[in-house]
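For reference, the structure discussed in these notes is given below.
The values are calculated or read from the model by the stated rules, or taken from the named source; none is laboratory data. What you are looking at is a predicted structure, and each value in this text was computed from that prediction instead of being measured. Note that each Cβ is placed from the backbone with ideal geometry, even for glycine, and that neighbours are counted across all protein chains shown.
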């Protein structure tokens, strides 16, 4: 794969995520943020001069922030609002996000004017709306949310992909499945939509049949059988893949078929590839950046020197792994061999610019 451009992503351990960039041509990783705040969900502005992200500080409220492309000049845009999933409008004037000032279990879609910090609510519906994404013309928003008033009990609580028209203020479901569909993203030309799903190649009937079978296994007093059924439910949730469809919901196809979670997708600027975080099977805390070709499905795990990530991650003085005496007494290669790999963090929520 001939890859170029720059990817911004978050990486860290527990409550100490920071923002980093990866230059695809040189393989150089650069740290943008430092300190005890948790930074996540970064995204480039349309002109590439700024990065928006979610920052959780001492008040424990995830807030929307904007900074220069090199991490300088950070400015907080929201205050007292539980914010998630920022996305830039194509004109660069607005950031859409999901949030709520009082109840994190009732998240709606908001729009914030970057220059003034003025916030307005765009869409409010019962439950949680997730991961909005502007269409290239700025007239529509994709998001993930549950299907209300579904007649199928097994699909209650599952999220589907929706499209909201900002002019007509109407919404429509683009796909429906009893499995969770989320993280929808328009292609740069607006003709295709990629998203993440837990379908794992199952049809609606097959997925519902499996859910029904597991539900029946829970109707027992045998604790071992209950534990086994719970493990099966967790297994369903720990295997996600990338799907792609036309912007009208037609021509749905599965792009990745990996064991484990493929999450946090973004398109390459030319629309030829998708970058995502791919987890090690059985350990979602070991997510690494990968790329898949939209046309062929060929996958490529990005190769880069993680030395800077490993030296910064978990920078908590109270953790014995970061104590000076420990670093002095224990050789680096021994530390890497015997410490659980999940300590060294994950690369998550990539966003790609030219």
| message | For the stretch 26-38: of the residues being over 20 Å from residue 291 (Cβ atoms) and part of a loop (DSSP other than H, G, I, E, B), which is modelled with the lowest pLDDT? | response | 36
| query | Of all the residues that make up the stretch 78-90, how many are part of a loop (DSSP other than H, G, I, E, B) and under 20 Å from residue 8 (Cα atoms)? | reply | 2
| task | Can you give me the number of residues within the stretch 39-73 that are farther than 19 Å from residue 7 by Cα and either outside any loop (DSSP other than H, G, I, E, B) or in contact (Cβ under 8 Å) with a residue 40 or more places away in the chain (or both)? | result | 4
| task | Can you tell me which residue within the stretch 257-277, out of those that are more than 14 Å from residue 10 (Cα to Cα) and assigned to a strand (DSSP E or B), is modelled with the lowest pLDDT? | result | 261
| task | Inspect the stretch 212-220 for any residue being surrounded by 18 or more Cβ atoms within 10 Å (Cβ to Cβ) and in contact (Cβ under 8 Å) with a residue 40 or more places away in the chain and give the result as yes or no. | result | no
| task | Evaluate the stretch 278-290: report whether one residue or more is in contact with a strand residue (DSSP E or B) (Cβ under 8 Å, 6 or more places away or on another chain), modelled with pLDDT of 95 or more, within 26 Å of residue 178 (Cα to Cα) and surrounded by 13 or more Cβ atoms within 10 Å (Cβ to Cβ). | result | no
| message | Tell me the residue from 106, 120 that is over 12 Å from residue 54 (Cα atoms), in a loop (DSSP other than H, G, I, E, B) and out of contact with any helix residue (DSSP H, G or I) (no Cβ under 6 Å at 6 or more places or on another chain), please. | response | 106
| note | Listed by range, strands (runs of 3 or more DSSP E) wholly within the stretch 165-231 having at least 1 residues that are modelled with pLDDT of 85 or more and over 24 Å from the mean Cα position of the chain (by Cα) are 170-175
| query | Of the residues 23, 47, which single one is on the phi < 0 side of the Ramachandran plot, surrounded by fewer than 21 Cβ atoms within 10 Å (Cβ to Cβ), modelled with pLDDT of 95 or more and out of contact with any strand residue (DSSP E or B) (no Cβ under 6 Å at 6 or more places or on another chain)? | reply | 47
